[in-house]
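Let me begin by presenting the structure, written as C-alpha cells, before commenting on it.
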Amino acid sequence: MNSNDEQHFLSGKRIVIAGAGIGDAIGREGYSLSLRGDPPSEGIQTLQKLGILQEMIDESNPGSYFTLFNYDFSSLMEMRSPPIEGLSQSSIGISRSKLREILLKNVHSSISINWNCAVTSADELDNGQVSINLSNGSKDQCDLLIVADGSNSIIRKCLRPEHVLNFAGAVCITARTHALDQFPAPLDKTWGGAIGGDGHFLFVAPSDRTSAFWSVSYLTDKLRPAKPAGTMMEQEIDEVLDEAKQRTKVFTEPIGTLIKETLRSSVAIFNAKDLVPFRNHGSVIFIGDAQHAMSPFAGNGANMSIMDGYQLADQLVHSKDLNTAIRSYDDLTIPRSTTAINISHRSIAMGHSQGIWNYMYVGILKVMSWYFGYTSKKIHN
Ligand SMILES: Cc1cc2nc3c(=O)[nH]c(=O)nc-3n(C[C@H](O)[C@H](O)[C@H](O)COP(=O)(O)OP(=O)(O)OC[C@H]3O[C@@H](n4cnc5c(N)ncnc54)[C@H](O)[C@@H]3O)c2cc1C
C-alpha cells in the first residue's frame, strides 16, 4: 500500500466487475471442480489465504485425489498434490453450486452484486473511463472494468475481437446421474480419467455428494453443434445416450451403471476449446476464462480463475499505479495459464491415443507409477 499521506491510485474510483466469476453458476451446476495444490494450479493455497479452505473441504465430495485409469479402471497413476501444512487435504472435488454458495457467503458486505444484469457491450472512452451498456437497458460508466464473464466473453468479443477461442480437437458427451444410494467404486475414493486405447477418453467424478458426472470424448477435425443440458428433445437424448454406450464399450464398470442412472435432462454435447492468453491494457482487465479459457482437459480453469481474482486484487492494492498492477498481474497469470493449456493439449493427445501411441503412453505411466510408488515407499520406510 502507498504511504498514508499519499492517496492510493484507485481511491474514490468506480470499479465494475462483469461476471460474478466462478461463483455465478446458473445452469452450470451439473459438475464438480477439482481444486488442486500442485503447481501451476494452487487454487487450494489461494482458498487457504482467503480463509475459506476448511469450509470448502467440509463441503467437498468423496475422494481426495485424481487417478488416471486404464480402460478396465485399474489404476495407471494416482496424482496427489503435495501435502499442505495444517490441512487434511491438498486437493478437493467440490460441486460448483457448493463453491458458489461458500464464495457468496463470504463476499464482503461493502460489495454489491447485481444479479440478472449482464454487461451487453463496453466502450473505452478517450478520458480513460469505460462506458457500459447493461441488459436491463441502462448505461453506466466506470474507471476500471474487470471482465470475468467466462470463455465466451461478450466483452472480449466487443473490445478485443482478435482474441478468439480455438477448437482443441475433442468433442465431449457429458451427463450426470440421479442421486445414487452409494457411489460405485472407484468413485467412493477417487475421481479421474480412463484411457480407452480405442480413441476414447472417459472422465468420471462425483458431481456432488450423491450424484456422479461422466464425460466421454473423441478426437475430430470438425466442431459438432453444441447442445447444452436441457436443450435436446427426448429422441435426441436417446440417440446421444446410445452413442455414448457405443463410444464407451471398451470400458468396464462403473460407466455402465453411470449411463444407466443418467439424469436425462443433464445430457450435453460440447466442443473442447481454449484461448491463447493475452496481455491486458488500458482500464479494462480480463481475468479467468475471459483471458485464458482452457478446456476441461486442463482440470485447471477454476484454479486459475480463483488465483487470478486473488492476485489481481493483490497487485491493485500494492502497486504504485494501474499500469504496473496490470503488468505484474499479467506476468503472473500468463505463464501459468499457458502451462496449464499446454498440459491440456498433451492430456488430450494421451487420453485419446490408440495403437502404438497408446501402448507407449500406458507403458510410460506404469513405469512412472511403479517408480514413484517404490521411491515414496523407500522414503517412508
Ligand atoms: C465439464 C467441465 C469440467 C471442468 N472441471 C474443472 C476442474 O475440475 N477444475 C478446474 O479448475 N476447472 C474445471 N473446469 C473449468 C472451469 O469451470 C472454468 O475454467 C471456470 O469456471 C472459469 O471461471 P470464470 O469465473 O473465468 O468463468 P465462468 O465460471 O464461466 O463464470 C463467468 C460468469 O460470468 C457471467 N457472465 C457471462 N457473461 C456475462 C456478462 N456479459 N455480464 C455479466 N456477467 C456475465 C456468467 O453468468 C458466468 O457464470 C471445467 C469446465 C467444464 C466445462
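If you check every pair at least six apart or on different chains, which have Cβ atoms under 6 Å apart with a residue in region 111-129 that is closer than 14 Å to Val284 by Cβ and in a loop (DSSP other than H, G, I, E, B) first and a residue that is away from the ligand (no atom under 14 Å from the Cβ) and not hydroxyl-bearing (Ser, Thr, Tyr) second?
What qualifies is Gln129/Gln141; Gln129/Asp143.
Just wondering, is there one or more residues in region 287-299 that are at pLDDT below 95 and closer than 30 Å to Ser32 by Cβ?
Taking region 287-299 as the starting set, the residues that turn out to be at pLDDT below 95 are 299.
Filter again for closer than 30 Å to Ser32 by Cβ, leaving 299.
Within region 287-299, one or more residues are at pLDDT below 95 and closer than 30 Å to Ser32 by Cβ.
Hey, any hits in region 311-332 for a residue that's within 13 Å of the ligand (Cβ to nearest atom) and open to solvent by 10 Å² or more (accessible area, probe 1.4 Å)?
no
Among the residues of region 370-380, is there at least one that is under 30 Å from Gly197 (Cβ atoms), part of a helix (DSSP H, G or I) and among the basic types (Lys, Arg)? Lay out the reasoning, then the answer.
Start the filter on region 370-380 by keeping residues that are under 30 Å from Gly197 (Cβ atoms), which leaves 370-377.
Remaining after also requiring part of a helix (DSSP H, G or I): 370-377.
Applying the additional criterion that residues be among the basic types (Lys, Arg) yields 377.
Yes, there is a match, as at least one residue in region 370-380 is under 30 Å from Gly197 (Cβ atoms), part of a helix (DSSP H, G or I) and among the basic types (Lys, Arg).
Name every residue in region 267-296 that is of a type in the set (Val, Ile, Thr) and not in a loop (DSSP other than H, G, I, E, B), in order of residue number. Break it down stepwise before answering.
Narrowing region 267-296 to residues of a type in the set (Val, Ile, Thr): 267, 269, 276, 284-285, 287.
The answer is Ile269, Val284, Ile285.
Checking Gly196 against (1) within 16 Å of the ligand (Cβ to nearest atom); (2) surrounded by 14 or more Cβ atoms within 10 Å (Cβ to Cβ); (3) not aliphatic (A, V, I, L, M), which single condition isn't satisfied?
Answer for Gly196: the failing condition is (1).
Within region 255-269, is there a residue that is within 10 Å of the ligand (Cβ to nearest atom) and under 30 Å from Phe9 (Cα atoms)? Steps first, please.
At the first step, the residues of region 255-269 found to be within 10 Å of the ligand (Cβ to nearest atom) are 268.
Pick out the ones that are also under 30 Å from Phe9 (Cα atoms) and you get none.
No: region 255-269 contains no residue that is within 10 Å of the ligand (Cβ to nearest atom) and under 30 Å from Phe9 (Cα atoms).
For region 272-282, how many residues meet the condition of being open to solvent by less than 20 Å² (accessible area, probe 1.4 Å), touching a residue at least 60 places away in the same chain (Cβ under 8 Å) and not acidic (Asp, Glu)? Reasoning before the result, please.
We begin by selecting, within region 272-282, every residue open to solvent by less than 20 Å² (accessible area, probe 1.4 Å); these are 272, 274-275, 278, 280.
Among the residues that remain, those that are also touching a residue at least 60 places away in the same chain (Cβ under 8 Å) are: 272, 274-275, 278.
Now narrow it down to the ones that are not acidic (Asp, Glu): 272, 275, 278.
Going through region 272-282 one residue at a time, the tally reaches 3.
State whether the residues of region 184-192 include one that is in contact with a strand residue (DSSP E or B) (Cβ under 8 Å, 6 or more places away or on another chain), farther than 30 Å from Val284 by Cα and not in a loop (DSSP other than H, G, I, E, B).
yes
Within region 137-158, is even one residue at pLDDT 95 or above, open to solvent by less than 10 Å² (accessible area, probe 1.4 Å) and in a loop (DSSP other than H, G, I, E, B)?
Within region 137-158 (the criterion being at pLDDT 95 or above, open to solvent by less than 10 Å² (accessible area, probe 1.4 Å) and in a loop (DSSP other than H, G, I, E, B)), the answer is yes, since at least one residue qualifies.
Give the residue, chosen from Ser266, Ser215, that is out of contact with any Lys or Arg (no Cβ under 8 Å at 6 or more places or on another chain) and either at negative phi or in contact (Cβ under 8 Å) with a residue 12 or more places away in the chain (or both).
The conditions single out Ser215.
Any residue at all in region 289-308 that's surrounded by 15 or more Cβ atoms within 10 Å (Cβ to Cβ), of a type outside the set (Asp, Glu) and away from the ligand (no atom under 11 Å from the Cβ)?
Here is the first cut: in region 289-308, the residues surrounded by 15 or more Cβ atoms within 10 Å (Cβ to Cβ) are 289-308.
Checking which are of a type outside the set (Asp, Glu) leaves us with 290-307.
If we keep only those that are away from the ligand (no atom under 11 Å from the Cβ) as well, we get none.
No, that holds for no residue.
Testing Ala118 on (1) within 9 Å of the ligand (Cβ to nearest atom); (2) closer than 30 Å to Pro40 by Cα, one condition comes back false. Which one is that?
(2)
Filter region 199-253 for residues that are charged (D, E, K, R) and either in a strand (DSSP E or B) or open to solvent by less than 10 Å² (accessible area, probe 1.4 Å) (or both) and give the result.
As a first pass, look at region 199-253 and keep what is charged (D, E, K, R): 208-209, 221-222, 224, 227, 234, 236, 238-239, 242-243, 245, 247, 249, 253.
The one that is charged (D, E, K, R) and either in a strand (DSSP E or B) or open to solvent by less than 10 Å² (accessible area, probe 1.4 Å) (or both): Lys227.
The values are calculated or read from the model by the stated rules, or taken from the named source; none is laboratory data. Bear in mind that the values here come from a model prediction, so they are computed numbers and not experimental data. Virtual Cβ from ideal backbone geometry, glycine too; neighbours counted across all protein chains shown. Just the protein is used for accessible areas: all its heavy atoms, side chains included, with ligands, DNA and RNA removed. Shrake-Rupley method; radii C 1.70, N 1.55, O 1.52, S 1.80 Å.
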